Amino acid sequence: MRILALETSCDDTACAIVEDGRRVLASVVKSQDSVHAPFGGVIPELAARNHIQWVNPCVAEALASAKLELSEIDAFAATLGPGLVGSLLVGAGTAKALSFLTGRPFIGVNHLTAHICSNFLESDLEPPFLCLLVSGGHTQLVKVNALDDIEIVGQTLDDAVGEAYDKVARLLDAGFPGGPAVDKLAQQGDPNAYSLPIAVTKHPYDFSFSGLKTAVMRLIERETVACAGDPSALALMRGNVAASFQATVVRTLFLKTQRLMQESGFQTLSIAGGVSANTALRAVFQEWITRCPGIRLFVPHLGYCTDNAAMVGSSAFFNPLTHDAKTEVFSRKLVI
Ligand code: KG4
Ligand code: ZN
């Protein structure tokens, strides 16, 4: 089954064609980074307007790249939420129009389930598995017991990891988007330069990153004064802060995930969401499984970590949202 999928929940316009939930025949992502960079964050109205401009060229490019005609597509899918409403409407409206035009079904998809499904792409992953879902808006530990039985066991009480990265990037004036910029800056710094707090949560699998972000803010204020305007001292300090922040985040994610793996007895772990592209996060988990015979680790290909439509095509195949045609209401079959 070939599904043409659209992802427009935030600021990336993406179209992909995926066969049987795993094989990516085409994946096109048009980044709007240059549009939003001058503002240091995503402007919803601009995102929606740029989706309108890019969505049809993305569909055309995906079909051309897969060497397929519209008539060879079996179903059309789009992310229905969570996300920016104006942006979501562009993808959903386009996929529904294509469905109406061709007489083929429309399938709605949940964005978080789609991130989880990014690990099905070009892989042999099967439930049950645990997923550490780390994106710009969410941080969750999820048990995927079966394709239609997904259970959230822990989540952030305040900031998401990606959000913390974006805020720290602004404090460090590291660039936009913040996550990759801090990741790069961290590679020039010493992860042990500063000791930063790991929040203790009442529930062991929940997360909290707002205290860490505040601690980083205070640290930068203090160290900037100590650098007394010396450019090389300031550059060294920025690298060290980025590396220490990153080491604290990765350690928090690792400790909680490792504990849940041990306590739940799951043998397979996957990591998904934009932050799964992070160099240190991938390295720590990849090193850990070399010491854990029998445990399998799945991380998405770098192109499927941040928002993309291939994961939507996979989710449409494995985890479609149920649809009441009479009321046009989509409900969640899943717990997410
Ligand atoms: O999944 P995603 O593309 O969008 C949401 O669903 O939110 O995740 C975007 C988030 C942003 O906060 C971005 O800064 C972060 O993922 N991110 C990273 C890296 N690449 C993207 N964070 C840390 N290191 C990275 N290499
Ligand atoms: Zn996302």
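The values are calculated or read from the model by the stated rules, or taken from the named source; none is laboratory data. Please read these numbers as outputs of a predicted model, since none were measured by experiment. A quick note on method: Cβ atoms are made from the backbone with ideal geometry, for glycine too, and the neighbour counts reach across all protein chains shown. Please note that ligands, DNA and RNA were not included when accessible areas were found on the heavy atoms of the full protein model with its side chains. Shrake-Rupley method; radii C 1.70, N 1.55, O 1.52, S 1.80 Å.
Numbers for the structure displayed
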| quantity | calculated |
| --- | --- |
| Residue match in the stretch 77-91 (condition: open to solvent by 10 Å² or more (accessible area, probe 1.4 Å), outside any loop (DSSP other than H, G, I, E, B), among the polar types (S, T, N, Q) and under 20 Å from Asn308 (Cβ atoms)) | no |
| Residue satisfying all of: in the stretch 1-19; under 22 Å from Asn119 (Cβ atoms), part of a strand (DSSP E or B) and touching a helix residue (DSSP H, G or I) at 6+ places or on another chain (Cβ under 6 Å); nearest to ligand 2 (Cβ to nearest atom) among these | Glu7 |
| Matching entry among Ala228, Ala164 (being among the small types (Gly, Ala, Ser), touching a Phe, Trp or Tyr at 6+ places or on another chain (Cβ under 8 Å) and in the same structural domain as Thr248 (by TED's automatic domain parsing)) | Ala164 |
| Single residue of the stretch 6-19 satisfying the filter (open to solvent by 10 Å² or more (accessible area, probe 1.4 Å) and within 17 Å of Pro177 (Cα to Cα)) that is farthest from ligand 1 (Cβ to nearest atom) | Asp11 |
| So Glu221, is it over 23 Å from Asp159 (Cβ atoms), open to solvent by 30 Å² or more (accessible area, probe 1.4 Å), of a type in the set (D, E, K, R) and in a helix (DSSP H, G or I) | no |
| Any hit, the stretch 54-62, residues being among the polar types (S, T, N, Q) and buried (at least 18 other Cβ atoms within 10 Å of the Cβ) | no |
| Filter result (open to solvent by 10 Å² or more (accessible area, probe 1.4 Å) and part of a strand (DSSP E or B)) within the stretch 93-132 | Phe106, Ile107, Asn110 |
| Total residues in the stretch 235-270, condition more than 22 Å from the chain's Cα centre (by Cα) and either of a type in the set (D, E, K, R) or surrounded by 15 or more Cβ atoms within 10 Å (Cβ to Cβ) (or both) | 10 |
| Pairs with Cβ under 7 Å, 6+ apart, first in the stretch 153-167 and within 21 Å of Thr279 (Cα to Cα), second more than 10 Å from ligand 1 (Cβ to nearest atom) and in a loop (DSSP other than H, G, I, E, B) | Asp159/Phe209; Val161/Phe209; Ala164/Phe209 |
| Any hit, the stretch 144-154, residues being among the small types (Gly, Ala, Ser), part of a strand (DSSP E or B), modelled with pLDDT of 95 or more and farther than 30 Å from Ser232 by Cα | yes |
| Subset of the stretch 20-48 (residues that are among the charged types (D, E, K, R) and either surrounded by fewer than 16 Cβ atoms within 10 Å (Cβ to Cβ) or in a loop (DSSP other than H, G, I, E, B) (or both)) | Asp20, Arg22, Arg23, Asp33, Glu45 |
| Scope the stretch 144-182; condition acidic (Asp, Glu), over 27 Å from Phe129 (Cα atoms) and under 17 Å from the mean Cα position of the chain (by Cα); matching residues | Asp166 |
| Residue list for the stretch 62-99, filter: over 29 Å from His138 (Cβ atoms) and charged (D, E, K, R) | Lys67, Glu69, Glu72, Asp74 |
| Residue match in the stretch 303-310 (condition: under 22 Å from the mean Cα position of the chain (by Cα) and surrounded by fewer than 21 Cβ atoms within 10 Å (Cβ to Cβ)) | yes |
| Unmet requirement for Ser195, which otherwise passes all of (1) part of a helix (DSSP H, G or I); (2) more than 16 Å from ligand 1 (Cβ to nearest atom); (3) among the small types (Gly, Ala, Ser) | (1) |
| Selected residue [open to solvent by 20 Å² or more (accessible area, probe 1.4 Å), closer than 25 Å to Val42 by Cβ and of a type outside the set (Phe, Trp, Tyr)] from Gln155, Gln140, Gln187 | Gln155 |
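Residue-wise test of (1) in contact (Cβ under 8 Å) with a residue 40 or more places away in the chain; (2) of a type in the set (A, V, I, L, M, F, W, C); (3) closer than 27 Å to Thr113 by Cα.
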{"residue": "Ala226", "(1), (2), (3)": "no, yes, no"}
{"residue": "Thr252", "(1), (2), (3)": "yes, no, yes"}
{"residue": "Gly274", "(1), (2), (3)": "yes, no, yes"}
{"residue": "Gln286", "(1), (2), (3)": "no, no, yes"}
